[in-house]
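Trainee: Submitted below is the structure of interest, expressed as structure tokens.
The values are calculated or read from the model by the stated rules, or taken from the named source; none is laboratory data. Since the structure is predicted, the reported quantities are computational estimates derived from the model, not experimental observations. All Cβ positions, even for glycine, are placed from backbone atoms using ideal geometry, and neighbour counts span all protein chains on display. Note: areas computed on protein heavy atoms with side chains; ligands, DNA, RNA excluded. Shrake-Rupley method; radii C 1.70, N 1.55, O 1.52, S 1.80 Å.
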Amino acid sequence: KGDKAPDFTLETLSGEKLSLSDLKGKKVILNMWATWCPPCRAEMPDMQKFYNDYGEEVEIVAVNLTQTETSQDRVDQFVEDFGITFPVVLDKNSDVARDYYAVTIPTSYVIDSKGIIRNKIIGPMSYEWMKEAVGAIQ
């Protein structure tokens, strides 16, 4: 908390590049997750609902720890099954997870519009937690 969020550039599921620095000026929830992780699965519906309600003000970026997956097809299928519309990026070598010291998943970070990490949660996020955490920052 209080540190500048490390920048990264990762590929989306559609093969486009997404950099955290592209989102400067916007609040961001950065979520580290994997398809095989039960708490990750549990928080996805709340994340999608939050994105539907607040996506104009807050970007959610779901960083998939792809190295831990059996295949990228599982990630594609997961996104389709859960109806996820926020950006999902592939951390193929776990570099971003390492840079953020995410040793347990899910781990999420709330980043303010200036790129500073303002909150961190280890474990699944609830809709109410996201609303409160994002509401507390600029």
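Trainee: Restricting to region 1-14, give me the number of residues that are within 19 Å of residue 133 (Cα to Cα), open to solvent by 80 Å² or more (accessible area, probe 1.4 Å) and either assigned to a loop (DSSP other than H, G, I, E, B) or aliphatic (A, V, I, L, M) (or both).
Mentor: 2
Trainee: Among all residue pairs at least 6 apart or on different chains, which show Cβ distances below 9 Å where the first residue, located in region 1-24, is closer than 14 Å to residue 86 by Cα and the second is charged (D, E, K, R) and open to solvent by 100 Å² or more (accessible area, probe 1.4 Å)?
Mentor: 11/17
Trainee: Hey, another quick one. Of all residues in region 75-105 being over 13 Å from residue 12 (Cβ atoms) and of a type in the set (A, V, I, L, M, F, W, C), which is surrounded by the fewest Cβ atoms within 10 Å (Cβ to Cβ)?
Mentor: 103
Trainee: Within the bounds of region 15-35, is there any residue that is open to solvent by 50 Å² or more (accessible area, probe 1.4 Å) and touching a helix residue (DSSP H, G or I) at 6+ places or on another chain (Cβ under 8 Å)?
Mentor: No.
Trainee: So residue 84 passes all but one of these: (1) of a type in the set (Val, Ile, Thr); (2) within 22 Å of residue 121 (Cα to Cα); (3) in contact (Cβ under 8 Å) with a residue 60 or more places away in the chain. Which condition number does it fail?
Mentor: (3)
Trainee: Let me ask another. I'd like to check something: does region 49-57 contain any residue that is more than 26 Å from residue 132 (Cα to Cα) and either in contact with a strand residue (DSSP E or B) (Cβ under 8 Å, 6 or more places away or on another chain) or not basic (Lys, Arg) (or both)?
Mentor: Taking every residue of region 49-57 in turn, none turns out to be more than 26 Å from residue 132 (Cα to Cα) and either in contact with a strand residue (DSSP E or B) (Cβ under 8 Å, 6 or more places away or on another chain) or not basic (Lys, Arg) (or both).
Trainee: Next question. Residues 94, 108: which one is without any contact (Cβ under 8 Å) to a residue 40 or more places away in the chain and out of contact with any Cys (no Cβ under 7 Å at 6 or more places or on another chain)?
Mentor: Every option except 94 fails the conditions.
Trainee: On to the next question. For region 17-37, give me each residue that is in contact with a Pro (Cβ under 9 Å, 6 or more places away or on another chain) and polar (S, T, N, Q).
Mentor: Passing the criteria: only 31.
Trainee: Provide a single number: the residues in region 36-47 that are assigned to a helix (DSSP H, G or I) and surrounded by fewer than 19 Cβ atoms within 10 Å (Cβ to Cβ).
Mentor: Within region 36-47, residues that are assigned to a helix (DSSP H, G or I) and surrounded by fewer than 19 Cβ atoms within 10 Å (Cβ to Cβ) number 6.
Trainee: Among what's in region 106-129 and is open to solvent by less than 40 Å² (accessible area, probe 1.4 Å) and farther than 18 Å from residue 5 by Cα, pick the residue that is nearest to the chain's Cα centre (by Cα).
Mentor: Filtering region 106-129 for residues that are open to solvent by less than 40 Å² (accessible area, probe 1.4 Å) and farther than 18 Å from residue 5 by Cα, the one nearest to the chain's Cα centre (by Cα) comes out as 125.
Trainee: Taking region 48-74 on its own, how many of its residues are crowded, with 21+ Cβ neighbours inside 10 Å and basic (Lys, Arg)?
Mentor: Number satisfying all stated conditions: 0.
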